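Peer 1: Once you've had a glance at the structure underneath, I'll fire off some questions.
The values are calculated or read from the model by the stated rules, or taken from the named source; none is laboratory data. Computed from a predicted model, the values in this text were never measured in an experiment. Using ideal geometry, Cβ is built from the backbone for each residue, glycine included, and neighbour counts are taken over all protein chains shown.
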Amino acid sequence: MAKHSKPRAGSLAYAPRKRAKKETPRIHSWVYSEEPNILGFAGYKAGMTNVIAIDHRKNSPTYNLEIFIPVTILETPPISVAAIRFYKKGYNGLETYTDVFADNLSDDIKRRINTGKKKSNPDKKLAEIEKKLDEISDIRLIVYTHPKLTSLPKKVSDIMEMGIGGNLNEKFKYAKEKLGKNISISEVFRENQFVDVTAVTKGKGFQGVIKRFGVKIQPRKAGKGRRHIGTGGAWYPARKLWREPLPGQMGYHTRTEYNKVIMQIGEDGSTVIPEGGFLRYGNIKGEYVMIKGSVPGPCKRLIRLTQPRRPREAENFEIIHVNLSSKQK
């Protein structure tokens, strides 16, 4: 008689499967870099298309051949530096030492960030901190996006923290230079470079075990329905184990995908806009970045790009055609 068995379905890599706290994902670790530069960027997902490119990877079976590649387009308007955050070593790790805010912040940003009641002089405060630089452990930037420069209906800026590469003195010099200024995507990344992509995935709400974990549907004569697990577990221990597939939240989780290739960085978004614009997004008004493959989240979702945590050799593709046929079908 045939053996009726089936391996357990559904990954247990992420537990508990709860909704993300914010749509602006937090980066918990920054990659060390010798170059004094910002270690990440942020953009908005416009949609997907495909390109025909020549594969220049020498060890690839399609070397020097034209290949079809699906790509994701992100609109990446410049980000602005609102403040410099200084950290010191504390009992439980890094603690905020102080923040130095730019003096040219808009009223919208001031309402969302507590800059203090008194108006301070950033140059004077930075000069005082420079004398106590030996007490500082790390320096990062607080930046915000400009969704008003895109086709999004969203007008509220996303505020986030960005790491800086280099040693402490180089970080201080770079942060001091960029305070209150804009940073473009071309200053941070280059074409054919690997990046890590972090975003909040598409939310699917409360789902059962069939859709959430891929549990096998019960046979036709099974009692109490068919779209449920076969057994709720042993009598002892008399409780539900975390390994057991249970219904609950599906999607809207913060996820990171490693080593996504930047195919192209451009300043004119009209060169990649399909006929009629991107579905549920519209047109790209300014700078954009083209990522090989898919990225987490629906269109209009904030996507964060960071330096790769598992670096590999850069790939080399030469784009010869971008599909601009309508996506409205």
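Peer 1: Wholly within segment 112-225, which helices (runs of 4 or more DSSP H) include no fewer than the required count, namely at least 2 residues that are modelled with pLDDT of 95 or more and surrounded by 12 or more Cβ atoms within 10 Å (Cβ to Cβ)? Walk me through how you get there before you give the answer.
Peer 2: Details: elements: 122-131, 168-178, 209-213.
Of the helices (runs of 4 or more DSSP H) lying wholly inside segment 112-225, those with at least 2 residues that are modelled with pLDDT of 95 or more and surrounded by 12 or more Cβ atoms within 10 Å (Cβ to Cβ) span 168-178.
Peer 1: Quick one: residue 245 ticks every box in (1) closer than 30 Å to residue 288 by Cα; (2) surrounded by 15 or more Cβ atoms within 10 Å (Cβ to Cβ); (3) not hydrophobic (A, V, I, L, M, F, W, C) except a single one, so which number is it?
Peer 2: In the conditions (1) closer than 30 Å to residue 288 by Cα; (2) surrounded by 15 or more Cβ atoms within 10 Å (Cβ to Cβ); (3) not hydrophobic (A, V, I, L, M, F, W, C), residue 245 misses (1) alone.
Peer 1: State which residue is farthest from the chain's Cα centre (by Cα) when the search covers only segment 137-159 and only residues that are among the hydrophobic types (A, V, I, L, M, F, W, C) and under 30 Å from residue 169 (Cα atoms). Give the steps one after another, and end with the answer.
Peer 2: At the first step, the residues of segment 137-159 found to be among the hydrophobic types (A, V, I, L, M, F, W, C) are 139, 141-143, 149, 152, 156, 159.
Right, trim to under 30 Å from residue 169 (Cα atoms) and you get 139, 141-143, 159.
On the way: 139: 21, 141: 17, 142: 16, 143: 15, 159: 13 Å.
Checked segment 137-159; the qualifying residue farthest from the chain's Cα centre (by Cα) is 139.
Peer 1: Moving on. Which of (1) under 25 Å from residue 27 (Cβ atoms); (2) at pLDDT 90 or above; (3) among the polar types (S, T, N, Q) is the odd one out, the single condition residue 64 does not satisfy?
Peer 2: Result: residue 64 passes all but (1).
For every residue, the table says whether it meets (1) outside any loop (DSSP other than H, G, I, E, B); (2) surrounded by 10 or more Cβ atoms within 10 Å (Cβ to Cβ); (3) not aliphatic (A, V, I, L, M).
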| residue | (1), (2), (3) |
| --- | --- |
| 13 | no, no, no |
| 16 | no, no, yes |
| 30 | no, yes, yes |
| 33 | no, yes, yes |
| 49 | yes, yes, yes |
| 57 | no, yes, yes |
| 67 | yes, yes, no |
| 72 | yes, yes, yes |
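Peer 1: Now a separate question. Going residue by residue through segment 278-294, is there one that turns out to be under 25 Å from residue 184 (Cα atoms), assigned to a loop (DSSP other than H, G, I, E, B), hydroxyl-bearing (Ser, Thr, Tyr) and at pLDDT 90 or above?
Peer 2: yes
Peer 1: Taking residue 274 as meeting all but one of (1) at pLDDT 95 or above; (2) closer than 21 Å to residue 150 by Cα, write down the number of the exception.
Peer 2: Evaluating residue 274 over (1) at pLDDT 95 or above; (2) closer than 21 Å to residue 150 by Cα leaves (1) as the failure.
Peer 1: Next question, about the same structure. Any chance you could count how many residues in segment 74-99 are among the aromatic types (Phe, Trp, Tyr), without any contact (Cβ under 8 Å) to a residue 12 or more places away in the chain and assigned to a strand (DSSP E or B)?
Peer 2: 0
Peer 1: Pick out the one residue from 203, 214 that is on the phi > 0 side of the Ramachandran plot, under 32 Å from the mean Cα position of the chain (by Cα) and in contact (Cβ under 8 Å) with a residue 40 or more places away in the chain.
Peer 2: Among 203, 214, only 214 is on the phi > 0 side of the Ramachandran plot, under 32 Å from the mean Cα position of the chain (by Cα) and in contact (Cβ under 8 Å) with a residue 40 or more places away in the chain.
Peer 1: Another question, if that's okay. Give just the number: which of (1) surrounded by fewer than 20 Cβ atoms within 10 Å (Cβ to Cβ); (2) more than 17 Å from the chain's Cα centre (by Cα) does residue 301 not satisfy?
Peer 2: All conditions are met except number (2).
Peer 1: Another one. Within segment 159-191, how many residues are touching a Lys or Arg at 6+ places or on another chain (Cβ under 9 Å) and charged (D, E, K, R)?
Peer 2: Of the residues in segment 159-191, 2 are touching a Lys or Arg at 6+ places or on another chain (Cβ under 9 Å) and charged (D, E, K, R).
Peer 1: Quick check on my filter: what residues within segment 266-287 are acidic (Asp, Glu) and buried (at least 20 other Cβ atoms within 10 Å of the Cβ)?
Peer 2: 287
Peer 1: Being surrounded by 15 or more Cβ atoms within 10 Å (Cβ to Cβ) and assigned to a loop (DSSP other than H, G, I, E, B) is the filter; apply it to segment 309-322 and report the residue that is farthest from the chain's Cα centre (by Cα).
Peer 2: Per the stated criteria, the residue is 316.
Peer 1: Another question, then. Taking only pairs six or more apart or across chains, which ones have beta-carbon atoms under 7 Å, a first residue in segment 258-275 that is over 18 Å from residue 320 (Cβ atoms), and a second residue that is among the acidic types (Asp, Glu) and crowded, with 19+ Cβ neighbours inside 10 Å?
Peer 2: Final answer for the pair search is 258/196; 267/287; 269/75.
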